[in-house]
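Engineer: Take a look at the following structure, please.
Nothing in this text is a laboratory measurement; each read-out follows from the coordinates by a stated rule. This structure is a prediction, so every number in the text was calculated from the model and none was measured.
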Amino acid sequence: MNRVWAFIMGDPLADRAVPPTGILARLTIFVAAAMAFLAIFALVLSLTAGRVASNWADDLAQSATLRLPADLDQTNEALRAAVNVLQTTTGVASARVLEPDEQRALLAPWFGPDMPVEELPIPQLISILPDEDGYDIAGLRARLQAEVPGAVLDDHGAWREPLLDAANRLRLLGWAILAIIGAVMAAMITTAAHASLAANAQVIRVLRLVGARDVYIAGAFVRRFTLRAALGAAIGAVLAIGLLQLLPQVDVTGVTETPFGFHGIEWLWVLAIPAVAAIVAFVATRRAAFRRLREQT
């Protein structure tokens with residue numbers, strides 16, 4: 001902690017080698033702010049999209065649907081038989097026949113809200129909810145095939161797996177975007193550090209003449225650019241969070257409650273952005289400083 005505090009406070013004599021103002025100082029702060037701003041939104045998009053896919057997958061995993069074909073003979077008898085099978089199956093908490101209004105709501109996104117469900121040959125649906133222990137899907141399918149021919153049990157696995165795969169891909173995409181943002185910031189800060197070292201070549205020569213070592217000189221540049229990057233990243237993060245707060249906080253799915261933004265422990269990412277920016281600036285400036293000082297020897 002003492003070393004961190006000493007790094008922040010710096011050495012007033014060494015700091016004179018780095019101009020406190022000017023185009024390079026403003027450029028460093030601006031680049032860090034812009035990269036932090038973009039990083040916040042990349043994180044929000046990645047985390048929110050991942051939550052949406054995960055929540056949908058969880059909802060699908062907690063339910064199943066039994067479908068009775070519309071052209072099945074003796075529909076009422078088959079419906080009663082299917083409900084009886086489900087109610088006598090261990091692990092099934094409830095089995096509920098969907099009403100016409102519910103089926104109309106399910107089909108509304110494709111056919112509109114005024115579709116006459118009662119007049120169309122639409123399969124009868126039964127919603128199945130498992131208990132905490134769950135049920136044997138293979139065994140239930142076998143019973144249904146024997147007692148209710150033509151019934152189809154859908155455990156939503158065909159929908160759940162692509163959603164989970166999409167969530168993983170979105171998270172990877174978010175990390176890739178963050179890596180690109182970090183690389184761009186490192187490149188810009190490295191360029192600014194090189195330019196600052198070149199502009200202060202005469203000051204560096206004087207410091208060497210009076211006995212200053214390269215570590216001492218480089219430390220001044222590293223400290224100044226690291227603090228500038230941290231300051232800029234903090235500004236960018238605050239601006240991004242402020243803009244996020246202005247956005248309407250609504251359910252982004254319309255089905256599952258998944259608001260857009262950070263939630264719970266995810267807010268730690270906001271605090272991590274300036275710290276990561278400072279680390280990137282520290283590493284990039286340190287490498288650039290020692291490389292440039294060796295060239296000026």
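Engineer: Quick one: Cα convex hull volume of region 138-224, Å³ per residue? Present the calculation step by step, with values, prior to reporting the outcome.
Structural biologist: Details: hull volume 9.3 nm³, N = 87.
Enclosed volume per residue, from the Cα hull, is 107 Å³.
Engineer: I would also like to ask the following. Working out 0.36 nm times the residue gap between SER94 and GLN245, then minus their Cα-Cα distance, what length gain in nm do you get to one decimal? Could the numbers behind the result be given before it?
Structural biologist: Numbers: separation 151, 0.36 × 151 = 54.36 nm, distance 4.09 nm.
Gain on extension, SER94 to GLN245, equals 50.3 nm.
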